[in-house]
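All of the numbers you see were taken from the coordinates with simple rules; none came from a lab. Computed from a predicted structure; not experimentally measured. Methodologically, a virtual Cβ is constructed for each residue, glycine included, from the backbone with ideal geometry; neighbour enumeration extends over all protein chains shown.
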Amino acid sequence: MKTYHPSTPSRRNTVTIEYRKVLTGDKPEKSLTHGFKRSMGRNNQGRITVQHKGGGNKRLYRDIDFKMNKMDIPGKITTIEYDPNRSAFIGVVIYADGEKRYIVLPKTAKAGDSFLVSKTAPIVPGNRTLLSRIPVGTYVHNVEVKAGAGAKLVRSAGAYAQIVANDAGYTSVKMPSSEIRKIDENSFATIGEVSNSDHHLVKYGKAGRSRWRGIRPTVRGSVMNPVDHPYGGGEGKQGRGTRRPKTRHGKVTGGRKTRTPKKYSNHLVTTRRKVGKKR
């Protein structure tokens with residue numbers, strides 16, 4: 001991690017990643033990028049559905065290959081690059097047949113490393129193979145939920161899931177949230193952890209850097225008016241005045257199960273994630 005000379009209050013509190021020691025590519029691969037319009041937290045009607053989003057610097061989108069369906073063709077990592085749209089590092093991969101693709105890199109990846117996507121691939125970091133072949137206790141990432149649909153789980157910086165068991169056509173996987181769920185054993189996963197594991201140590205240092213990243217300010221409910229939030233109103237500082245913690249819309253947040261009661265995958269979750277102070 002990189003700290004700075006405390007020439008200003010914001011510099012004193014800024015902590016960033018030393019990208020020069022990690023990254024190799026100067027510019028993104030043009031054939032694998034395109035422009036796009038960010039949602040800014042709005043839905044198709046323009047209404048805010050996710051708070052505290054908006055503004056920020058313009059971004060170029062990198063097409064990431066999450067399916068990784070080039071089977072039994074070795075690939076070589078040529079660059080390690082920063083991606084403004086995700087926390088993990090990405091890299092350009094050139095396969096033996098000449099095709100280029102972007103992938104999310106594993107923690108141990110270096111420029112020049114090779115990997116293989118195969119049903120019989122060796123169990124080494126970076127290779128991708130069937131869940132049924134991966135030994136119990138192994139760390140994996142880029143996990144498919146449905147076979148052939150592409151990686152949906154465990155894609156953020158430093159994340160990993162752990163293989164717990166193989167039984168009756170399913171593989172039990174312990175998620176980063178501590179939830180244990182069953183996944184079809186014919187789904188693919190990549191061996192190892194996701195790159196950029198120091199991402200959680202970054203400190204922006206000042207409010208302006210949050211705005212550059214498209215993060216708008218968060219205002220406490222207790223300083224609002226009663227019309228705007230259940231915690232609002234009162235002279236001076238007040239407690240929340242309600243028995244249970246709530247959102248600005250009155251929805252209870254503490255101690256209530258939020259998972260959809262009839263969600264299609266409920267029967268696949270064998271152990272709920274740990275929440276609250278006991279975690």
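Numerical summary
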read-out: The stretch 221-279: relative contact order as a whole-number percent, Cα under 8 Å and 6+ apart; value: 20
read-out: Under 9 Å, Cβ to Cβ, from Met175 - net charge with Lys/Arg +1 and Asp/Glu -1; value: +2
read-out: The chain, relative contact order in percent, only Cα pairs under 8 angstrom and at least six apart counted; value: 17
read-out: Per-residue ³J(HN,Hα) for the stretch 74-88, Karplus 6.51 cos²θ - 1.76 cosθ + 1.60, θ = phi - 60°, Hz, x for Gly and Pro; value: x, x, 10, 7, 9, 9, 10, 10, 8, 10, x, 9, 7, 7, 7
read-out: Karplus-derived 3J(HN,Hα), 6.51/-1.76/1.60, for each residue of the stretch 116-126, Hz, glycine and proline x; value: 9, 9, 6, 5, 10, 5, x, 7, 9, x, x
read-out: nm² value of the averaged projected area, convex hull over the Cα atoms of the stretch 114-162; value: 3.6
read-out: Loop trypsin sites (Lys or Arg not before Pro), the stretch 147-252 (other Cβ atoms within 10 Å of the site Cβ: 10 or fewer; DSSP); value: Arg220, Lys237, Arg243
read-out: Likely footprinting exposure, Thr138, Thr253, fewest C-beta neighbours within 10 Å first; value: Thr253, Thr138
read-out: Residue-by-residue Karplus 3J(HN,Hα) for the stretch 27-37, coefficients 6.51, -1.76, 1.60, Hz, glycine and proline x; value: 10, x, 5, 4, 5, 10, 10, 7, x, 7, 9
read-out: Charge dipole (debye, nearest 20) of the stretch 221-279; +1 at Cβ of Lys and Arg, -1 at Cβ of Asp and Glu; value: 640
read-out: The chain, dipole about Cα centre (Lys/Arg Cβ +1, Asp/Glu Cβ -1), debye to the nearest 20; value: 1820
read-out: Difference of contour (0.36 nm per residue) and Cα-Cα distance, Asn166 to Met1; value: 55.5 nm
read-out: Square roots of five times the Cα gyration tensor eigenvalues for the chain, Å; value: 37, 27, 18
read-out: 26 Å Cα-Cα threshold exceeded, pairs from Lys110/Lys152; Lys203/Lys237; Lys70/Lys262; Lys21/Lys107; value: Lys203/Lys237; Lys70/Lys262
read-out: Fraction in percent of alpha-carbon pairs per bin - 5 Å, the stretch 178-227; value: 4, 11, 10, 13, 12, 11, 13, 12, 8, 4, 2
read-out: Amide hydrogen neighbours beyond the local backbone of Thr79, cut-off 5 Å, H modeled; value: Val92
read-out: His267-Glu235 FRET efficiency (beta carbon distance; Förster radius 41 Å; 0.05 resolution); value: 0.20
read-out: Estimated dipole of the stretch 35-166 in Debye, rounded to 20 [Cβ of Lys and Arg +1, of Asp and Glu -1, Cα centre]; value: 620
read-out: Projected area averaged over orientations for the stretch 221-279, convex hull of C-alpha atoms, nm²; value: 5.7
read-out: Per-residue [θ]222 nm for the chain (sum of -39500 (n - 2.57) over DSSP H runs n ≥ 4, rounded to 500); value: -500 deg cm²/dmol
read-out: Inter-label distance for Ile123 and Tyr19, nm, one decimal - labels placed 7 Å from Cα along Cα-to-Cβ; value: 3.7
read-out: Arg248-Arg213 FRET efficiency (beta carbon distance; Förster radius 35 Å; 0.05 resolution); value: 0.90
read-out: Exposure proxy ranking, count of Cβ atoms within 10 Å, fewest first, for Ser265, Ser118, Ser156; value: Ser265, Ser156, Ser118
